[in-house]
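*Asks:* To start, I am sharing the structure in question, which I have written as structure tokens.
The values are calculated or read from the model by the stated rules, or taken from the named source; none is laboratory data. Everything quoted here is computed from the prediction, not taken from an experiment. Heads up, the Cβs are rebuilt from the backbone with ideal geometry, glycines too, and the neighbour counts pull from every protein chain shown.
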Amino acid sequence: MAAQGFSSSQRSENQFIAEKLREVGDLLKQQGATQFRINAYHEAASFVATLPQPIRDIYTEHGEKGLEDLPTIGVSIAAAIAELLDDGSLSVIDRLRGSADPEELFQTVPMIGPTLAREIHETLHVETLEALEAAAVDGRLATVKGIGQRRSASIGYALNEMLARRRPSRPKHAMDTPAISEILAVDQIYRDTANSLPSIKPRRFNETGERRIPILHMERGHWQFTALYSNSAAAHKYGRTQDWVLIYFERDGHPEGQATVVTKHNGALEGRRIVRGHESACAKFYGL
């Protein structure tokens, strides 16, 4: 019997969220992800589907921390549920389907229109609002043409307001990001095995409708990684669709992050694979 006050619309919302989580698990299974990660989404979907109260009520009262405290729901899945409750959509599904459009996503941020969204994406190669916020914090966003320090601060403030309810409940620290050596190792494995990996069919820049972007899911240590070639306008413009690699990472107790690995074409790191925005750390890694 449903809990008192649990309306049919609220029950439907729980079922909607459960279906989306189950879809993520199914896509991960099709693409060869680790069984642990597949099971995490399927178990969370089953839990939400049978939850005897509206999950939105938990989120409204306790925020993302309240979702994290539920059985089978960790930090990453709590963030996914929060995104579904806030936006009605889930960016990880778009990514796994090949239908993600970062430029469209960035236009949901005040002060960012189509032209600026394109400039941000082509310059920074970030794909998510969380990655865009990180770029505002570390100064990369201010380097984008047409932005500057003052506008970057304003965009950062707007992003903070938008993402506040999804903010991790624990303070960030250095271990939130894998070591440069780990990111570069995943990049190497991805490029070495790309021809044998499952592929996705991107919605953008794909007139023939073919499955042409290999996708890798793997686990290294405590980290779960997903890697795929960039499908950005800039990657196509500069002929880097087989060079620029987007790497997403997460681990238990930490939110998802993103790195972009490219071949450096000038300076002391010329010809080497580097993590954009972390050139100094890469130089240290290479002993330069």
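*Asks:* If you check L67 against the conditions, is it assigned to a helix (DSSP H, G or I), under 23 Å from A227 (Cα atoms) and either among the polar types (S, T, N, Q) or at pLDDT 90 or above (or both)? Quick ask: steps written out before the conclusion?
*Replies:* Numbers: assigned to a helix (DSSP H, G or I): yes; under 23 Å from A227 (Cα atoms): no; either among the polar types (S, T, N, Q) or at pLDDT 90 or above (or both): yes.
Taking the combined requirement at face value, the residue does not satisfy it.
*Asks:* Would you pick out the residues in the stretch 172-205 that are surrounded by fewer than 15 Cβ atoms within 10 Å (Cβ to Cβ), within 13 Å of R97 (Cα to Cα) and at pLDDT below 85?
*Replies:* Within the stretch 172-205, R203 is the sole residue that qualifies.
*Asks:* Follow-up question, since we're still on this one. In the set V92, V137, which member is β-branched (V, I, T), part of a helix (DSSP H, G or I) and under 12 Å from the mean Cα position of the chain (by Cα)? So that I can check it myself, show each step before the final result.
*Replies:* Numbers: V137 fails: under 12 Å from the mean Cα position of the chain (by Cα).
Sole residue among the options that is β-branched (V, I, T), part of a helix (DSSP H, G or I) and under 12 Å from the mean Cα position of the chain (by Cα): V92.
*Asks:* Turning to a different aspect of this structure: Residue by residue through the stretch 98-116, note down the ones that are surrounded by 14 or more Cβ atoms within 10 Å (Cβ to Cβ) and out of contact with any Leu (no Cβ under 7 Å at 6 or more places or on another chain). Outline the logic, then answer.
*Replies:* Of the stretch 98-116, the ones surrounded by 14 or more Cβ atoms within 10 Å (Cβ to Cβ) are 98, 100-103, 105-107, 109, 112, 116.
Scanning the stretch 98-116 gives G98, A100, D101, P102, E103, Q107, I112, L116.
*Asks:* Continuing with the same structure: Quick check on this structure: which one of G146, G63, G139 is over 15 Å from A18 (Cα atoms) and in contact (Cβ under 8 Å) with a residue 60 or more places away in the chain?
*Replies:* Numbers: G146 fails: in contact (Cβ under 8 Å) with a residue 60 or more places away in the chain; G139 fails: in contact (Cβ under 8 Å) with a residue 60 or more places away in the chain.
When all the criteria are applied, what remains is G63.
*Asks:* In the stretch 251-270, what count of residues is obtained for those that are more than 20 Å from L124 (Cβ to Cβ) and touching a strand residue (DSSP E or B) at 6+ places or on another chain (Cβ under 7 Å)?
*Replies:* Narrowing the stretch 251-270 to residues more than 20 Å from L124 (Cβ to Cβ): 251-254, 268, 270.
Imposing the further condition that a residue be touching a strand residue (DSSP E or B) at 6+ places or on another chain (Cβ under 7 Å) reduces the set to 251.
The total comes to 1.
*Asks:* Moving to a separate point now. Do we have any residue at all in the stretch 272-283 that's assigned to a loop (DSSP other than H, G, I, E, B) and at pLDDT 95 or above? Walk me through how you get there before you give the answer.
*Replies:* Within the stretch 272-283, the first condition is being assigned to a loop (DSSP other than H, G, I, E, B), and the residues that meet it are 272, 276-278.
Now drop any that are not at pLDDT 95 or above, which leaves 272.
Within the stretch 272-283 (the criterion being assigned to a loop (DSSP other than H, G, I, E, B) and at pLDDT 95 or above), the answer is yes, since at least one residue qualifies.
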